[in-house]
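Chemist: Okay, here's the structure, questions in a sec.
Just so it is clear, none of the values below were taken in a lab; they were calculated from the coordinates. Being a predicted model, the structure only gives us computed values, none of them experimental. Here the Cβ positions follow ideal geometry from the backbone for every residue, glycine too, while neighbour counts run over all protein chains shown.
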């Protein structure tokens, strides 16, 4: 098994103005199961995870106007924010990616939702897509 290969798409992050308002669509229209809601103060967001097969949808609501998600919504509106790749040994993955000349937003993993360690690749180095490396404990 190639340890450098992502295990799966862990989740797709979607920026929203209000989780409460967005839940109607995801839970009641699409019939996704709400797994939980939590605040990730270090990232300036409140998140809700919804189950879809082996992956999840993560709704991201900014906690304040200075959060990166608030800036994203101001610039681009609500919508797909990032794709999270489930990985093992996130520290080594960051090192390998940087050695290939890819710019990281986080040079070291930070705490994410649900106890995960996460790090984002800069979208300018990833063909315009914000990717998140996500290692679950």
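Chemist: How long is the gain from residue 51 to residue 39 if the chain were fully straight, where each residue apart is worth 0.36 nm and the alpha carbon distance is subtracted?
Modeler: 2.5 nm
Chemist: For residue 137 paired with residue 4, estimate the spin-label separation in nm (one decimal), with each label point 7 Å from Cα along the Cα-to-Cβ line.
Modeler: 2.9 nm
Chemist: A follow-up question, please. Show me the ranking of peptides 62-69, 114-121 by mean Cβ neighbours inside 10 Å, starting with the highest.
Modeler: 114-121, 62-69
Chemist: Put one equal scatterer on each alpha carbon of segment 1-67, apply the Debye formula with no solvent term, and list log10 I(q)/I(0) at q = 0.17, 0.18, 0.29 1/Å to two decimals.
Modeler: Values, matching the q order: -0.63, -0.68, -1.27.
Chemist: Roughly what would the spin-label model give for residue 95 and residue 124, points 7 Å off Cα along C-beta, in nm?
Modeler: So the label points at residue 95 and residue 124 sit 2.7 nm apart.
Chemist: Rounded, prolate or oblate: pick one for segment 77-126, where a ≥ b ≥ c are the square roots of the eigenvalues of its C-alpha gyration tensor, a/c under 1.5 means rounded, and failing that, prolate if a/b is larger than b/c, else oblate.
Modeler: Judged from the Cα gyration tensor, segment 77-126 comes out oblate (a/c at least 1.5, b/c at or above a/b).
Chemist: If I model a spin label at residue 17 and residue 63 as a point 7 Å from the Cα along the Cα→Cβ vector, what separation in nanometres do I get?
Modeler: Each label point lies 7 Å from its Cα, and together they span 2.2 nm.
Chemist: Percent antiparallel among DSSP beta bridges with both residues in segment 8-135, to the nearest 5?
Modeler: 75 percent
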